[in-house]
Amino acid sequence: MCGRYALHGPVSRIREHFELEDGFGFEPRYNIAPTATVLIVKSGPHDKRLARLHRWGLIPPWAKDATIGAKLINARGETVAEKPAFRTAFRRWRCIVPASGFYEWKAAQEAGRTIRQPYFVRPADDGDLFGFAGLSERWVSPEGDEVHTCCIITTDANELMIPLHDRMPVILQASDYAAWLDPGNADVSGSRRLLRPAAAAGMTAYKVCRAVNSSRGESPTFVEPI
C-alpha cells in the first residue's frame, strides 16, 4: 500500500522532471497523509502537462457523500480496470502523483516491546523524484460543490520492499509518463502493463525517526536516515 509520502525540493525540479507547462504553489511536505491536499500531474489541452491540487482519497461520481474517499486512497493495479470505484477514472482520468519518497513500517523489538519502525523509500539518486501512477475524479456534493480527488495505484512489492510490505506504489518510468497521461489512450491492456513493480536498483530504503508515525507531524528531519 501507500499511506504516507513526502514531496519536497525546488519547484523548478518538479516542473522539469514532469515537463509541466504551468506554475503551481506547493510548499515542501514531509508527511503527506490521506485526505490531505496533494499535487498531481494531469494532461491538459494540446497534450500539455498541468499541475493541479486534489484531495487524496478518491470519491467516485456516484458516491452519496465524501466519506468514502478516506477508504479509497489506493487502488490495486490488478483490479483497477474492473472495480466500479476506479474503472471510469482508469480509462479517462489517469494522473501522476509526484513524490520524493514514501514511508513504510516494519515491526521491530525495542526494550522488550514491539514498535512500528518507519522506513523512508526514495530514488537511489538523491534529489530525483518518483512518479506514482494515480487516478483523478470529480465529485459533486448534494449541495453542488465540486470536489477533485485522487488515489495512488499499488502493485506487488519488489525485492527491496518485500521485507517491509507486500505492496508498493506503482512507480512509472519517465518514458511511460506520456502514454499514461494521454486521455486518448483507450488501450486498457497497454495501460495495465505499466502497473508493475519498479526496479529495486533504482530505489533505496532506510530507517527514519518514529516522529513520522504521527500524521500530524511535519519536519524535514522525517526523511533523514537515523
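The values are calculated or read from the model by the stated rules, or taken from the named source; none is laboratory data. Source: prediction; values computed, not measured. Glycine also receives a Cβ, built like all others from the backbone with ideal geometry; neighbour counts cover every protein chain displayed.
Of all residues in the stretch 29-75, those being touching a residue at least 40 places away in the same chain (Cβ under 8 Å) and polar (S, T, N, Q) number 3.
When the stretch 76-123 is limited to residues that are farther than 19 Å from Asp176 by Cα and among the aliphatic types (A, V, I, L, M), the one that is modelled with the lowest pLDDT turns out to be Ala111.
Residue-by-condition table, conditions (1) in contact (Cβ under 8 Å) with a residue 24 or more places away in the chain; (2) of a type in the set (D, E, K, R); (3) under 19 Å from Asn31 (Cα atoms); (4) not in a loop (DSSP other than H, G, I, E, B):
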position	(1), (2), (3), (4)
Met161	yes, no, no, no
Ser191	yes, no, no, yes
Pro197	yes, no, no, no
Ala201	yes, no, no, yes
Tyr206	yes, no, yes, yes
Glu218	yes, yes, yes, no
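Could you tell me which residue of the stretch 6-28 is farthest from the chain's Cα centre (by Cα), considering only residues that are closer than 23 Å to Arg138 by Cβ and in contact (Cβ under 8 Å) with a residue 40 or more places away in the chain?
Ranking the candidates gives Phe18 first.
Within the stretch 93-102, can one find any residue that is surrounded by fewer than 23 Cβ atoms within 10 Å (Cβ to Cβ) and either more than 18 Å from the chain's Cα centre (by Cα) or not in a strand (DSSP E or B) (or both)? Yes, the stretch 93-102 contains at least one residue that is surrounded by fewer than 23 Cβ atoms within 10 Å (Cβ to Cβ) and either more than 18 Å from the chain's Cα centre (by Cα) or not in a strand (DSSP E or B) (or both).
Test Asp126 against the stated conditions and say whether it is without any contact (Cβ under 8 Å) to a residue 24 or more places away in the chain, within 22 Å of His17 (Cβ to Cβ) and outside any loop (DSSP other than H, G, I, E, B). No.
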